[in-house]
C-alpha cells in the first residue's frame with residue numbers, strides 16, 4: 001500500500017464511529033446530560049471533599065440567607081426551586097433540571113408553591129472540612 005498512514009487513519013476513524021454504537025446495546029443504561037456549565041472557584045488543593053446531600057422543603061419553606069465558598073450544584077428531584085441571588089433576577093428550576101449556585105454570592109432558595117413539596121439533591125466539592133454554607137446577616 002502506498003499510504004499506510006492514511007489506511008491507519010481510516011481504520012481509527014471507523015473504530016471511533018463504531019464505539020458509540022456498540023456502547024448503546026439494547027438493555028444498557030445511557031447517561032443523560034442534565035447540566036453542563038463552566039464554573040470558577042473550585043478547590044485547588046491536592047485533596048477535595050465531595051458531599052452529596054438531599055433537602056426537602058414543605059410548601060413555603062426557604063433556606064437561610066447564606067453564601068457558599070465553592071460552587072454548589074442543585075438537582076431538582078420533585079417540585080420547583082426558586083433561587084434568589086443578590087443583585088440578580090430570581091431563577092426557578094423544576095424537577096429534572098439542575099443549576100449551579102456560584103461561590104461568594106449572597107442567596108436564598110425557596111419553595112414558592114403553596115401546595116407542592118420540593119426535594120433537591122445537592123453536590124458540593126470543597127477543600128476538606130469547609131463548611132457547607134456561611135450564614136449572612138441581612
Filter result for residue 60 (at pLDDT 95 or above and in a loop (DSSP other than H, G, I, E, B)): yes
Conditions (1) closer than 30 Å to residue 137 by Cβ; (2) surrounded by 11 or more Cβ atoms within 10 Å (Cβ to Cβ); (3) at pLDDT 95 or above: number failed by residue 41: (3)
Enumeration of residues in the stretch 77-104 that are touching a strand residue (DSSP E or B) at 6+ places or on another chain (Cβ under 6 Å), part of a loop (DSSP other than H, G, I, E, B) and exposed (fewer than 14 other Cβ atoms within 10 Å of the Cβ): 90, 104
Residue match in the stretch 31-47 (condition: under 17 Å from the mean Cα position of the chain (by Cα) and assigned to a strand (DSSP E or B)): no
Yes/no for residue 109 being in contact (Cβ under 8 Å) with a residue 12 or more places away in the chain, under 17 Å from the mean Cα position of the chain (by Cα) and crowded, with 16+ Cβ neighbours inside 10 Å: yes
Flag for residue 58 being more than 17 Å from the chain's Cα centre (by Cα) and surrounded by fewer than 10 Cβ atoms within 10 Å (Cβ to Cβ): no
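The values are calculated or read from the model by the stated rules, or taken from the named source; none is laboratory data. Everything quoted here is computed from the prediction, not taken from an experiment. With ideal geometry, Cβ positions are generated from the backbone for all residues, glycine too; neighbour counts draw on all protein chains shown.
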